[in-house]
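S.K.: The structure is given below, and queries will be raised subsequently.
The values are calculated or read from the model by the stated rules, or taken from the named source; none is laboratory data. Given the structure is predicted, the values throughout are model-derived calculations rather than measurements. Neighbour counts are summed over all protein chains in view; Cβ atoms, including those assigned to glycine, are modelled from backbone coordinates with ideal geometry. Please note that ligands, DNA and RNA were not included when accessible areas were found on the heavy atoms of the full protein model with its side chains. Shrake-Rupley method; radii C 1.70, N 1.55, O 1.52, S 1.80 Å.
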Amino acid sequence: MPHPAALTILCIATFEKGQEFLRECHRRGHHVLLLTADKLREADWPREAIDEFFYVPRDIGREDLLKGVSHVAQSRQIDRIVPLDDFDVETAALLREHLRIPGMGETTARYFRDKLAMRVKAQNADILVPDFVHVLNDARITQFAEQVPGPWVLKPRSSAAAIGIRRVDTAAELWPAIEQLGDRRSFFVLERYVPGDVYHVDSVVWEREVLYHAAHRYGTPPMTTAHEGGVFTTRSLPRDAAEARPLAALNREVITTFGLVRGVTHTEFIRAHEDGRWYFLETSARVGGAFIVDVVEAASGLNLWREWAHIEIAGEDHGYHLPSVRSDYAGLVLCLAREPDPDLSTFDAPEIVTRIHKHHHAGLIVVSPESHQVDELLAGYAERFHHEFMAWQPAPESPTA
C-alpha cells in the first residue's frame with residue numbers, strides 16, 4: 001500500500017491527554033489541529049507537534065460546535081477527526097457525520113460510550129451482563145427492584161471511570177437516590193451489583209479483526225478503590241492462566257458485536273464470586289486510562305497511542321501492520337498521595353521501569369519475564385504505599401480537568 005499523503009487531523013481533547021498520539025501524527029508528517037477546552041490553554045501539550053489550536057467553552061452547544069468546526073473546514077481540508085478522551089467519542093462522531101468524514105458514526109459511537117446502549121446491545125447478542133434497568137419508567141424500576149435483590153449500582157450512562165457512580169444497598173435508599181437525579185434520571189442506568197474479580201482487555205483492531213490484545217487483572221476493583229479508598233493495582237494476566245482464553249473470546253465477541261472497524265479498545269469484564277460466570281461490564285474505543293497504556297508498553301513494547309495514530313492515518317485506503325511485540329509481564333501500583341511530590345527513592349528494585357510523576361500521586365510500573373515476580377512486587381509495594389503515601393478523596397460526581 002502507498003504511504004498516505006499528508007493529512008489534516010483534527011483531534012478533540014476535553015481533558016489533557018493523548019500527547020503521544022499528537023506527536024506520532026506530527027512525526028509522520030501530518031498537519032495536526034487540536035480542539036480543546038478554554039481552561040486547557042496552558043496545559044502541557046506537545047506544542048511542537050500541534051500546528052493549530054482551537055479553544056471552545058467546555059459546555060459549548062451542539063449547533064455552535066458544528067458551526068465552529070465547519071468554519072474551520074472552510075479553509076482547511078479536514079481528513080480525520082479523532083477523540084483523545086472517552087468524553088469526546090460522541091462529539092467526534094457528530095462532527096464526522098456532519099462533515100461526512102470517514103470514521104465511526106453516531107450509532108456505533110453509542111455502543112462505546114452509552115452504558116445503557118452497550119448493555120442492550122450485549123444482551124441482545126447473548127453476552128452476559130449484570131441485570132439492569134433504564135432509570136426512566138417508575139413501574140419498570142419498581143419491578144426490577146422487586147425481582148433483582150440489592151445492592152445495586154446507579155451509573156451515569158455516558159461518564160467514564162468511576163465518575164458519578166453510586167452504590168445503593170437497600171430499597172429504602174433507592175427512590176431517594178433516583179429523586180436526587182431530578183430530570184436527569186433518564187441519563188442513568190441501574191444494575192445489579194456483582195461482587196467479583198475485575199479484568200480489562202486492551203486491544204488493537206484492524207478491519208474488524210483483533211490483531212493484538214493484552215489481558216490484565218485489577219487488584220481491588222476500580223469502583224471500590226474510587227469510592228472507598230485504597231491502592232490501585234493492575235497486572236498482566238499470565239498467558240497460561242485459566243482466565244486467558246475466555247477473556248480473549250469474550251473480548252473478540254464484544255468488539256465484533258459492537259461493530260468497531262479500526263482502532264483501539266479498553267474493555268472490562270467481571271468474573272462473579274457467586275457463580276464464577278463472566279459478565280461484560282463496559283467498553284470504550286480509546287486507550288485505557290490510569291497509566292494502563294504505559295503498563296501495556298512496558299510488557300510488550302507496544303505504545304497504543306502510537307498504534308492508534310498509525311491506524312487513523314491508514315484509514316480506509318491504506319494498510320496497517322502490527323509491529324513485533326515482546327511477551328513480558330508488567331504491573332502498576334498507584335495511589336493518591338498526602339505529599340505533593342512523594343519520595344519514591346527507597347523503591348529500588350531493578351524491575352521498576354517507570355516512576356509516575358503526577359502531583360499528589362505515587363506510582364510505579366514494574367516489568368519482568370516472570371508473572372509471579374510482578375505479583376510479588378505489587379503486593380509488597382501496595383502494602384507500603386498504603387502506609388507511606390496513601391490519601392483518599394471520594395470519586396467526583398462530575399468530570400474535572
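S.K.: Could you tell me which of the residues LEU66, LEU33 is surrounded by 15 or more Cβ atoms within 10 Å (Cβ to Cβ) and touching a strand residue (DSSP E or B) at 6+ places or on another chain (Cβ under 6 Å)?
M.R.: The match here is LEU33.
S.K.: Could you count how many residues in the stretch 146-165 are without any contact (Cβ under 8 Å) to a residue 40 or more places away in the chain and either charged (D, E, K, R) or touching a Leu at 6+ places or on another chain (Cβ under 9 Å) (or both)?
M.R.: Result for the stretch 146-165: 2.
S.K.: Could you check the stretch 82-188 for helices (runs of 4 or more DSSP H) lying wholly inside it with 2 or more residues that are within 24 Å of the chain's Cα centre (by Cα)?
M.R.: Once the helices (runs of 4 or more DSSP H) in the stretch 82-188 are filtered for at least 2 residues that are within 24 Å of the chain's Cα centre (by Cα), what remains is 89-99, 106-111, 115-124.
S.K.: Also, I was wondering about something else. What's the total number of residues in the stretch 327-342 that are open to solvent by 80 Å² or more (accessible area, probe 1.4 Å) and in contact with a strand residue (DSSP E or B) (Cβ under 9 Å, 6 or more places away or on another chain)?
M.R.: Counting residues in the stretch 327-342 that are open to solvent by 80 Å² or more (accessible area, probe 1.4 Å) and in contact with a strand residue (DSSP E or B) (Cβ under 9 Å, 6 or more places away or on another chain) gives 2.
S.K.: Another question, if that's okay. Go through the stretch 2-37 and count every residue that is modelled with pLDDT under 95 and assigned to a helix (DSSP H, G or I).
M.R.: Of the residues in that region, 0 qualify.
S.K.: Still on this model: For the stretch 157-185, give me the residue count where each residue is open to solvent by less than 40 Å² (accessible area, probe 1.4 Å), modelled with pLDDT under 95 and either among the hydrophobic types (A, V, I, L, M, F, W, C) or at negative phi (or both).
M.R.: Going through the stretch 157-185 one residue at a time, the tally reaches 5.
S.K.: Which residue is most open to solvent (accessible area, probe 1.4 Å), if the candidates are limited to the stretch 38-54 and must be over 21 Å from ASP294 (Cβ atoms) and in a loop (DSSP other than H, G, I, E, B)?
M.R.: This residue is GLU42.
S.K.: I'm checking my understanding of the structure. Among residues of the stretch 197-230 that are among the charged types (D, E, K, R), more than 14 Å from the chain's Cα centre (by Cα) and at pLDDT 95 or above, which one is farthest from GLY276 (Cα to Cα)?
M.R.: The residue in question is GLU207.
S.K.: Among the residues of the stretch 186-205, is there at least one that is open to solvent by 50 Å² or more (accessible area, probe 1.4 Å), in contact with a Leu (Cβ under 9 Å, 6 or more places away or on another chain) and closer than 22 Å to LEU84 by Cα?
M.R.: No - not one qualifying residue is present in the stretch 186-205.
Quick grid of which residues meet (1) of a type in the set (Ser, Thr, Tyr); (2) at pLDDT below 95; (3) assigned to a strand (DSSP E or B):
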| position | (1), (2), (3) |
| --- | --- |
| ALA330 | no, no, yes |
| THR346 | yes, no, no |
| ALA349 | no, no, no |
| HIS357 | no, yes, no |
| VAL367 | no, no, yes |
| HIS372 | no, no, no |
| ALA379 | no, no, no |
| GLU383 | no, no, no |
| ALA395 | no, yes, no |
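S.K.: Taking the criterion of being surrounded by fewer than 16 Cβ atoms within 10 Å (Cβ to Cβ) and closer than 30 Å to ALA92 by Cβ, would at least one residue in the stretch 350-357 satisfy it?
M.R.: Yes - at least one qualifying residue is present in the stretch 350-357.
S.K.: Would you check if ARG286 is under 30 Å from ARG58 (Cβ atoms), touching a Pro at 6+ places or on another chain (Cβ under 9 Å) and among the basic types (Lys, Arg)?
M.R.: yes
S.K.: Give the number of residues within the stretch 98-147 that are exposed (fewer than 13 other Cβ atoms within 10 Å of the Cβ) and within 19 Å of LEU281 (Cβ to Cβ).
M.R.: Within the stretch 98-147, residues that are exposed (fewer than 13 other Cβ atoms within 10 Å of the Cβ) and within 19 Å of LEU281 (Cβ to Cβ) number 2.
S.K.: Among the residues of the stretch 189-210, are any under 17 Å from THR142 (Cα atoms) and charged (D, E, K, R)?
M.R.: Yes, the conditions are met somewhere in the stretch 189-210.
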